[in-house]
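Trainee: This is the structure I have questions about; it appears just below.
Values in this text are rule-based calculations from the coordinates and carry no lab data. This is a predicted model, so every value here is computed, not measured. As a convention, Cβ positions derive from the backbone with ideal geometry for all residues, glycine included, and neighbour counts pool all protein chains shown.
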Amino acid sequence: MNLIVSVLKKDDLCGKKIIETIQKNVNDVEIIYEEDMHIKGCIGCNRCWLVTPGVCTIKDDYETLLIKFLQSKQVIFITDLKLGFVSYQLKNIIDRLLPLATMHLRFKNGQMRHYPRYKKQYKMGLLYKGNGKQEFLEKWLERVMINLEGTSIGTFHIENEEEILNALIND
């Protein structure tokens, strides 16, 4: 399954258009709209490491989303940019990915990294709407994927349909 997590509103025309294009060209796509979920912010308690390993103790809709992350071949985030960066809703979702790692550390490629909790190769991409520096967003997503021991499939402006489809189909 390919999972698309949109923090854009369902009635956003750019978001609707790219989602329809992806659904027409990519097999097995599931769409989740953040606006349909109740996801609280990470409070940094580390209980997902220490008390309930792999499970966030905040009771909201995030556990459903976490399960879908684990079941997905690829995850594509769609967001608008605020001050050149991803929206707070998407940043909140990314912060809540903490249960995908363990508290145990090791050196990897000269950097301290957490051991992954699951034997899964995460592949995530970012589609954005608005003005921002693609190089910065690309570097940010690459750093997120290093922390998850995954792979970035790229960051793309939402209007670059051909590049987006090539990344999704060829990966």
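Trainee: Identify, among ILE43, LEU100, GLN23, the residue whose Cα sits farthest towards the positive end of the charge dipole of segment 1-155, taking +1 on the Cβ of Lys and Arg and -1 on the Cβ of Asp and Glu, with the dipole about the Cα centre.
Mentor: LEU100
Trainee: Could I ask something else about it? Where the Cα atoms of segment 1-88 are projected onto their three principal axes, how long is each span, largest first, in whole Å?
Mentor: 43, 32, 21
Trainee: Right, next: For a quick check: with amide H placed at 1.01 Å from N, whose amide H comes under 5 Å from LEU126's, ignoring anything fewer than 5 positions away on the same chain?
Mentor: PHE77, GLY154, THR155, PHE156
Trainee: Output the antiparallel fraction of DSSP beta bridges having both residues in the chain, as a percent to the nearest 5. Spell out each step's value before the answer.
Mentor: Details: 7 of 29 bridges.
Restricted to the chain, the bridges split so that about 25 percent are antiparallel.
Trainee: In a Debye calculation with equal point scatterers on the alpha-carbon sites of segment 48-106 and no solvent, what is log10 I(q)/I(0) at q = 0.18, 0.24, 0.26, 0.29 Å⁻¹?
Mentor: Evaluating at q = 0.18, 0.24, 0.26, 0.29 Å⁻¹ gives log10 I(q)/I(0) of -0.74, -1.07, -1.14, -1.23.
Trainee: Using Cα springs under 10 Å in a Gaussian network model of the chain, which residue among LEU105, LEU126, LEU97 shows the largest mean-square fluctuation?
Mentor: Taking springs between Cα atoms under 10 Å, the residue moving most is LEU105.
Trainee: In whole Å, what is the distance between the alpha-carbon centres of segment 50-117 and segment 9-27?
Mentor: 24 Å
Trainee: When the C-alpha atoms of segment 22-171 are aligned to their principal axes, what extent does each axis show, in angstrom, from largest down?
Mentor: 44, 39, 34
Trainee: Using 0.36 nm per residue of separation minus the Cα-Cα distance, give me the extension gain between PHE107 and LEU83 in nm, one decimal.
Mentor: Full extension of this stretch gives 5.3 nm more.
Trainee: Taking 35 Å as R0, compute the FRET efficiency from the Cβ-Cβ separation of ASN27 and THR64 and round it to 0.05.
Mentor: For ASN27 and THR64, the calculated efficiency is 0.95.
Trainee: Another question, then. Under a GNM of the chain (C-alpha, springs under 10 Å), which listed residue has the highest mean-square fluctuation: ASP60, ASP11, ASP95?
Mentor: The residue with the greatest mean-square fluctuation here is ASP11.
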